[in-house]
1. Compute the FRET efficiency between residue 480 and residue 503 as 1/(1 + (r/R0)^6), taking r as their Cβ-Cβ distance and R0 = 35 Å, and round to the nearest 0.05.
2. With r as the distance between the Cβ atoms of residue 464 and residue 327 and R0 = 45 Å, compute the FRET efficiency 1/(1 + (r/R0)^6) and round to 0.05.
3. Rank-order 154-162, 538-546 by packing density, defined as the average count of other C-beta atoms within 10 Å over each peptide's residues, highest first.
4. Starting from the Cα gyration tensor of region 443-572, multiply each eigenvalue by 5, take the square root, and state the resulting semi-axes largest first in whole Å.
5. Sorted by mean Cβ packing within 10 Å, highest first, what order do the peptides 80-87, 261-268 take?
6. Quick one: of the DSSP bridges fully inside region 445-525, what percent are antiparallel, nearest 5?
7. Please compute, over every Cα-Cα pair in region 323-399, the percentage with a separation greater than 14 angstrom.
8. Averaging sequence separations of C-alpha pairs under 8 Å and six or more residues apart, then dividing by the length of region 122-199, give the relative contact order as a whole percent.
């Protein structure tokens, strides 16, 4: 550990920084325990923490002799009676390393201050810890920030708002956003970063200039490259983080330096890491791998050929995870609309720090036409299902063509009150291009006299006429009218909407599909997403399709159906 700190300190002192550069510092505590100085990390317990999660991630003592580590931990934290019951907000000291006398500056004072982060170009570092969001009608920024950072009277909310401004520089007026706009929402995982608190002053304002950049503790940076590689593409498909620049330092009996440019590292949200080795890698010896594994127990070695396609590399990673980790399909219902999602690989994407469960559905496709439409991708993301379709056999991600999504502006769905029977009938017949006249005067002979009455008339091209009666005709008048050649559809107040619709369709001899199922992509059903909508799919005289949904339908699903040239009529 000492060698690690000295290395970082020398890097910070000898590097040449621009006027915009800065250093962040962290205070470590030195405590005396049984004749030894112990370097400790002062830590505030976070929501979702448990003791062994914290211990396994921190310090040389923990990795060398865990029983001794626990004994030291208990002595240094006498107020913590039960280490299995830590709670958010508790302050604890985590013993990291036994120090020799005078091995670090100011060691005798009990506080050691060490520079641990070099900063330049801050927005580029914050943005990976954010989520892309498409603004929906009725949303506003303050509510989106509240969901992540809590009450508007808290300092954390002001911090979230400051970060939002930083990564969305094009938004000048926070009160002016519009539906369909792409914005970035800072993720709460940022608050677990050791450098997070150093970003802000006591009021929650960012005190570091926006043109600064943060590198992780104990990683030295090499000049950044801008080329988008196949490993970048693989990380994007896995919704993961790629580390392929700089050097990771692993202190131990023999310190080990992991050159990330030679051994790229991909980390999933659950903390699983994949170390990629290729034919041009330097060989990693056993002691090097053991050093890495002693710090990262969820690490897998992936032998990837330089000439491998993106699909082949993803396939190797998935095989290393194992079939037991995959789901065959995901089913859920939204207001009665049933969704069935299938892909080649579906994995639980829940973050290692806890939080809402999400699923990642990955499928290689032959061409861009087979990709899941953007509207369905957006809809599923709202339901914590992330769709990642990518071109199979693609080696150069820069060559991937844009998907032909046909995302035209959706026509607004016709929304009606299904308790209003007259509105149902009028909307249905109009959609099918029938000539429908309401409140027409009809006459018919009854008991030797001509009777006048009001009814509703459907005129059909073959000369046939059908009357719609909303309980306006009484007694045996209906039978008398039918003898004159009219067909009558009688609709009662107690009739449910679906019976009214089926009665009209059957009387007019219109074919229809009940509770139709739509495949969302032009590919094999086994790796496709389907949606089933309660209602009726019909075609009018011009063969234009109309879906009469007996439940409310999400706007993005309406967008998808509209792009399939299907008009949507739905219940309020």
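Read-outs: derived from the displayed coordinates by stated rules, not from any lab. Everything numeric here is computed off the predicted structure, so don't read it as measured data. Here the Cβ is made from the backbone with ideal geometry for all residues, glycine too, and neighbour counts use every protein chain on show.
1. So the FRET efficiency works out to roughly 0.95.
2. E between residue 327 and residue 464, to the nearest 0.05, is 0.25.
3. 154-162, 538-546
4. Taking √(5λ) for each eigenvalue gives 39, 15, 11 Å, largest first.
5. Descending packing order for the listed peptides: 261-268, 80-87.
6. 60 percent
7. So the pairs more than 14 Å apart make up 66 percent of the total in region 323-399.
8. So the answer I get is 47 percent.
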